[in-house]
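The values are calculated or read from the model by the stated rules, or taken from the named source; none is laboratory data. This structure is a prediction, so every number in the text was calculated from the model and none was measured. Cβ coordinates were reconstructed from backbone atoms using ideal geometry, including for glycine residues, and neighbour counts include every protein chain displayed. Just so you know, the surface numbers come from the protein's heavy atoms only, side chains and all, with ligands and any DNA or RNA stripped out. Shrake-Rupley method; radii C 1.70, N 1.55, O 1.52, S 1.80 Å.
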Amino acid sequence: FISLTSYLFFQDSFEAWNNLARCYVKLEQKERAWRVLQEAVRCDFENWKVWDNIMVIATDIGVFDDVVRSYNRILDIKKTHVDKEVLGILVKAVLADLEDSAGKGSARLRPDLLKLLARLTVAVPREAAPWRLYGELLSAGAADQEGVVRGAQCYQRALAATTGHRGWERLRESCGEAVSCGLALLEVVGRVEGGQQLQLANSARLSL
């Protein structure tokens, strides 16, 4: 440990910082690991794997604003990256307004998370998870009918993406996802009012 810290003092090496962060993770000292990774990314700002490590550890310790920032940085570098678990945790935290590591409510991150999910659906339109989570966030926190309609449309895209892969019907997991997404779509369509409901209901019926 002493030799490693000495190396870090004299060398500007992201690998060394990254290795030290791994040591802290194994010691269950994830906040220290997260702080060490801030140094690693300063040494190599273009390394998406370091940003991915920051994103995952920030999720574990509840630094949700850093999770969003890191995810966007990964997309800047890689263009595409889907981490369903991280995205799911972010959506749950925002919808439940969970306190982050600083004691602040996570609902304040809703606009930033909406932008991130919108970016992901453009980057990976054939991936179901971003569409579904985008639909969930839009419809659950909708202040008007526009949000509910957009949420229903995202659920439709999620269902299409789930069933758009050859052989999906032979896999228990993808079948379960299709049924779950279909039920969520029906629930959201039922909340749409006026003439748009009939249009969306007909479209949803065909999808289902």
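One table, with the values for the structure above:
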{"read-out": "All positions within the stretch 91-122 that are open to solvent by 40 Å² or more (accessible area, probe 1.4 Å) and part of a helix (DSSP H, G or I)", "value": "LYS92, LEU95, ALA96, ALA107, ARG108, ARG110, PRO111, ASP112, LYS115, ARG119, VAL122"}
{"read-out": "ALA96 in contact with a Ser or Thr (Cβ under 8 Å, 6 or more places away or on another chain), over 27 Å from GLY164 (Cβ atoms) and modelled with pLDDT of 95 or more", "value": "yes"}
{"read-out": "From VAL82, VAL67, VAL86, residue being in contact with a Pro (Cβ under 9 Å, 6 or more places away or on another chain) and either outside any helix (DSSP H, G or I) or closer than 19 Å to ALA123 by Cα (or both)", "value": "VAL82"}
{"read-out": "The stretch 30-49: number of residues that are in a helix (DSSP H, G or I) and surrounded by fewer than 22 Cβ atoms within 10 Å (Cβ to Cβ)", "value": "11"}
{"read-out": "Per-region count, the stretch 11-29, residues assigned to a helix (DSSP H, G or I) and open to solvent by 60 Å² or more (accessible area, probe 1.4 Å)", "value": "5"}
{"read-out": "Yes/no for GLY151 being touching a Cys at 6+ places or on another chain (Cβ under 8 Å), buried (at least 16 other Cβ atoms within 10 Å of the Cβ) and within 21 Å of VAL189 (Cβ to Cβ)", "value": "no"}
{"read-out": "So ALA102, is it more than 13 Å from the chain's Cα centre (by Cα) and within 25 Å of ILE61 (Cβ to Cβ)", "value": "yes"}
{"read-out": "Residues within the stretch 50-88 that are open to solvent by 40 Å² or more (accessible area, probe 1.4 Å) and within 18 Å of GLU31 (Cα to Cα), tallied", "value": "6"}
{"read-out": "Test: residue in the stretch 127-148 that is open to solvent by 20 Å² or more (accessible area, probe 1.4 Å), assigned to a loop (DSSP other than H, G, I, E, B), out of contact with any Pro (no Cβ under 9 Å at 6 or more places or on another chain) and at pLDDT 95 or above", "value": "yes"}
{"read-out": "Count of the stretch 155-196 residues which are in a helix (DSSP H, G or I), in contact (Cβ under 8 Å) with a residue 40 or more places away in the chain and more than 20 Å from ALA140 (Cβ to Cβ)", "value": "1"}
